[in-house]
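First the structure, in the form of structure tokens, and then the observations on it.
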């Protein structure tokens with residue numbers, strides 16, 4: 001029987017994603033830095049607060065976040081665990097509707113505003129079209145999440161970011177999948193006067209052939225697509241019914257299983 005392991009696209013075993021909240025005008029500078037080094041991420045927006053204060057304009061959403069992901073953060077940023085069910089539904093669905101109109105694609109993820117969530121909210125999210133949501137806090141690990149609706153990042157950018165980046169870059173055991181996930185708010189770089197921190201991180205972690213640079217939803221979609229693969233009973237072949245190419249390591253060699261294809265894995 002073949003030894004079969006899931007890989008990230010291209011046969012990689014490491015992935016990197018960033019996650020930033022609120023849509024502050026400082027996102028413009030952050031995205032410029034990320035784009036320069038090929039780093040990608042997800043930006044969680046409150047659509048009712050666009051065009052106000054230090055928030056970006058609704059008009060620039062599509063162009064500013066091109067190549068990244070626009071995700072929900074509720075309409076007005078309430079502490080939703082204190083809200084009635086009807087208000088939670090309104091906050092999430094109206095945010096999705098407005099952001100989808102601006103971004104031009106389906107919004108399927110979010111981060112909890114003020115880090116506020118509970119079991120009731122988690123149970124509601126799939127019915128509201130939300131497939132993942134980031135919580136507040138740091139795991140300081142590079143593990144894949146066990147619960148997409150309670151997704152904890154590796155670290156906030158102010159929590160030993162460069163130390164974690166060095167550890168991540170040096171990971172070499174290909175029998176594991178590693179994910180580095182950084183979160184924060186772009187306005188914090190202005191507040192703390194440490195833009196050089198994220199620039200150094202992106203310079204250090206960006207542009208590496210062994211890292212998959214992905215948005216939050218791309219990671220979710222890829223892992224769910226893997227779960228849809230149809231393996232033969234003896235593992236000699238596999239059929240991919242999804243829209244995504246999935247990469248496997250089969251007996252030490254990398255195999256790409258393209259969308260709609262059936263691929264032989266062994267001669268048994």
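The values are calculated or read from the model by the stated rules, or taken from the named source; none is laboratory data. This structure is a prediction, so every number in the text was calculated from the model and none was measured. Every residue, glycine among them, receives a Cβ derived from its backbone with ideal geometry; neighbour counts consider all protein chains shown.
Odds and ends about this structure:
- The set of residues in region 116-146 that are assigned to a loop (DSSP other than H, G, I, E, B) and in contact with a helix residue (DSSP H, G or I) (Cβ under 8 Å, 6 or more places away or on another chain) comprises 116, 117, 118, 129, 130, 131, 140, 142, 144.
- When 126, 145 are screened for being closer than 30 Å to residue 13 by Cα and buried (at least 18 other Cβ atoms within 10 Å of the Cβ), only 145 passes.
- Counting only strands (runs of 3 or more DSSP E) that fall entirely inside region 1-109 and contain at least 3 residues that are out of contact with any helix residue (DSSP H, G or I) (no Cβ under 9 Å at 6 or more places or on another chain), the qualifying elements are 4-7.
- Cβ separations smaller than 7 Å between residues 6+ apart or across chains give the following pairs from region 80-103 residues that are assigned by TED's automatic domain parsing to the domain that holds residue 21 and without any contact (Cβ under 8 Å) to a residue 12 or more places away in the chain to residues that are outside any helix (DSSP H, G or I) and buried (at least 21 other Cβ atoms within 10 Å of the Cβ): 100/107.
This table checks each residue for (1) crowded, with 16+ Cβ neighbours inside 10 Å; (2) over 26 Å from residue 140 (Cβ atoms); (3) without any contact (Cβ under 8 Å) to a residue 24 or more places away in the chain; (4) under 20 Å from the mean Cα position of the chain (by Cα).
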residue	(1), (2), (3), (4)
176	no, no, no, yes
179	yes, no, no, yes
193	no, no, yes, no
227	no, yes, yes, yes
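- Any hit, region 201-211, residues being crowded, with 17+ Cβ neighbours inside 10 Å, under 20 Å from residue 10 (Cβ atoms), out of contact with any helix residue (DSSP H, G or I) (no Cβ under 6 Å at 6 or more places or on another chain) and in the same structural domain as residue 24 (by TED's automatic domain parsing): yes
- Residues that are assigned to a loop (DSSP other than H, G, I, E, B) and out of contact with any helix residue (DSSP H, G or I) (no Cβ under 9 Å at 6 or more places or on another chain) were ranked within region 242-258; the one that is modelled with the highest pLDDT is 258.
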